[in-house]
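Written below as structure tokens is the structure these notes are about.
The values are calculated or read from the model by the stated rules, or taken from the named source; none is laboratory data. The structure displayed is predicted, hence computed values, not measured ones. Here the Cβ is made from the backbone with ideal geometry for all residues, glycine too, and neighbour counts use every protein chain on show. Remember, those area values only see protein heavy atoms, side chains included, never the ligands or the DNA or RNA. Shrake-Rupley method; radii C 1.70, N 1.55, O 1.52, S 1.80 Å.
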Amino acid sequence: MNDTLSERSRSPLVMLVAGEASGDQHAASLFLELKRRIPGVRAIGMGSSKMRAAGVDIRFDSSSIGVIGVTEVIRHYGKIRAVLQQMKRLAASERPDLLICVDYQAFNFQLAKYARSIGIKVLFYVSPQVWASRPWRVKKYGKAIDHMAVIFPFEQPFYESYRIPVTYVGHPLAGKVRPSADKSVLINEFGLDPLRPVIGLLPGSRANEIRRLLPVIRDAVVLLAARYPQAQFMLSQAPTVDDGALDEVLASCPAAIRRIKARNHDVLACCDVAVTVSGTATLEVALSRVPMLIIYKVAPLTYWLGRWLINIPFIGMPNILAGRAIVRELIQHEASGPAIAGEVGQLLDDTEYAAQMRRDLDDVSRMLGEGGGSANLAGLACRMLEYG
């Protein structure tokens, strides 16, 4: 018995649960840090390719349930509920020493509440944006978790004001958005002309983002190709996005679009301008110092509910952090091919406009800190595991 307990103390079991591509990456980086600190640490849970590559025993691949919006969640409700029950059973049977919920708010809130009710410690990483919508929800999260790890500095005092244990660990992307080679090397590898402008396209990692936004991006590319015949287009394809989903939309596009899979930072290193959906990618673009346009479109019901519930004026994190509109946002019906092409054209033609945006993005980068977010989070997890 003592030997078993001793072995367990040396080799704790962590349950990691992520539901989207960004969460998969963050959870993978965390587990790699944990393995450096705790020899033999094991991890099980829900995630995708990045977590699997890091050594997590994936019990459900989350790439099929990464959806956004009320209508989309309702459409996939049966499957999402079944997976939630599967994760609850996994927590109950394996009794991990620590459950780490990574973003994926509604799903992970329910899982956290259950895990804590059966005596499992819960660390929630990447705060729900309760400061942006329905702040009263923070009290419910406080009852469902043991500790909140936040990635933006303004979030810590918000949770502290509600007396919820919280640690600001820093943003996981800070210090990590680096291309694999110099720009000249990547330009050559991707077959680009260094004397011609490069426009980056980041259509998202979720199926419904691709379905709603890639068609308007395609329409913008057609217009831009006609206006700027020297322009080169690169599409950064998330690892969770099937080739077929892109083929279906882009087959009708006469312009050449280079599609690069799972190399966001390398693509951004080559870009003069980027069109990106709202989400984690906006910060990757910001940290790459690429002038950008943010687009966002969801189901009509989700949009109108959001307008009623959200109490901040921006959706893009660069604008939220800056406290002002440093990057243009085209939301819902505004996200059209002509509007996207018009803003990209201004960024290409107006050098001072683009230069000012780069300076503003530098300020956002400084707000995110120097890095070490994954290491700081691993340190917090170790303390909760009472290791070291």
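The table below lists the values:
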{"item": "Residue count for region 373-388, restricted to those that are at pLDDT below 95, more than 19 Å from the chain's Cα centre (by Cα) and open to solvent by less than 10 Å² (accessible area, probe 1.4 Å)", "result": "0"}
{"item": "Criterion (β-branched (Val, Ile, Thr) and under 30 Å from LEU385 (Cβ atoms)) met by exactly one of ILE145, ILE199", "result": "ILE145"}
{"item": "Positions within region 341-356 being in a helix (DSSP H, G or I) and surrounded by fewer than 19 Cβ atoms within 10 Å (Cβ to Cβ), in sequence order", "result": "GLY342, GLY345, GLN346, ASP349, THR351, GLU352, TYR353, ALA354, ALA355, GLN356"}
{"item": "Qualifying strands (runs of 3 or more DSSP E) (wholly inside region 93-171; at least 1 residues being in contact (Cβ under 8 Å) with a residue 40 or more places away in the chain and of a type in the set (Ser, Thr, Tyr))", "result": "122-125, 166-168"}
{"item": "Only listed residue being outside any helix (DSSP H, G or I), farther than 30 Å from LYS121 by Cα and without any contact (Cβ under 8 Å) to a residue 24 or more places away in the chain, chosen from ARG359, ARG324", "result": "ARG324"}
{"item": "Criterion (open to solvent by less than 80 Å² (accessible area, probe 1.4 Å), of a type in the set (Lys, Arg) and at pLDDT 95 or above) met by exactly one of ARG196, ARG137", "result": "ARG196"}
{"item": "Matching residues in region 232-257 - criterion: being surrounded by 14 or more Cβ atoms within 10 Å (Cβ to Cβ) and hydrophobic (A, V, I, L, M, F, W, C)", "result": "PHE233, MET234, LEU235, ALA238, VAL241, ALA245, LEU246, VAL249, LEU250, CYS253, ALA255, ILE257"}
{"item": "Index of the failed condition, LEU201 passing every other in (1) exposed (fewer than 15 other Cβ atoms within 10 Å of the Cβ); (2) under 19 Å from MET292 (Cβ atoms)", "result": "(1)"}
{"item": "Test result for ALA220, of a type in the set (A, V, I, L, M), open to solvent by 10 Å² or more (accessible area, probe 1.4 Å) and either modelled with pLDDT under 95 or over 27 Å from GLY19 (Cβ atoms) (or both)", "result": "no"}
{"item": "Among (1) open to solvent by 70 Å² or more (accessible area, probe 1.4 Å); (2) closer than 21 Å to PHE31 by Cβ - the single one GLN86 does not satisfy", "result": "(1)"}
{"item": "Test result for ARG37, touching a strand residue (DSSP E or B) at 6+ places or on another chain (Cβ under 7 Å), modelled with pLDDT of 85 or more and either surrounded by fewer than 21 Cβ atoms within 10 Å (Cβ to Cβ) or not acidic (Asp, Glu) (or both)", "result": "no"}
